[in-house]
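Data first, discussion second: the structure below is written as structure tokens.
A short reminder: the numbers here are calculations on the coordinates, not readings from a lab. Model, not experiment: these values are computed from the prediction. As a convention, Cβ positions derive from the backbone with ideal geometry for all residues, glycine included, and neighbour counts pool all protein chains shown.
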Amino acid sequence: MHTTPPSNVREKSDSGYVIEHYRRVQRAARGFDGVGYAMRLLRFLAPAKLTVAVRASSRDLQSERGRAWDRGADEHWATLAIPPSAGREEIAEAVLALTGRAGEPMLFETLMHLPEPD
């Protein structure tokens, strides 16, 4: 069963800039490519009007999101930093939150069962 980690911290400014910090809840399997997994989830979700940069991190899973003022009122940018210890559930939660689709259990389950690339 899926539960949201209780230790997420969210910071939001008046300008719409949001930073989310996720506490590590699980350990990823050795050799798991968290950055590649996040990219697959983003390709599957194809968020409209959101540009996301995904990078490796040496510490906690962290996401940031803000408005892309130079590209229009509804355009946003986001970054997602993924440590080697981040697991599938943790990454899927972060990606869903970035895309504004957190709290959709069926979508979460779909993401958890996406086939591995060939």
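Each peptide in 92-100, 43-51, 30-38 was scored by the mean count of other Cβ atoms within 10 Å over its residues; highest first, the order is 92-100, 30-38, 43-51.
Placing pseudo-labels 7 Å out from each Cα toward the beta carbon at Ala48 and Trp69 gives an inter-label distance of 2.6 nm. Exposure proxy for Trp69, Trp77: other Cβ atoms within 10 Å of each Cβ, ordered fewest to most, give Trp69, Trp77. Within region 53-91, whose backbone N sits under 20 Å from a point 7 Å along Cα→Cβ of Glu109? Under cut-off, by backbone N: 88-91.
Using the Cβ of Ala48 as centre and a radius below 11 Å, the other residues enclosed give a net charge of -1, where K and R count +1 and D and E count -1.
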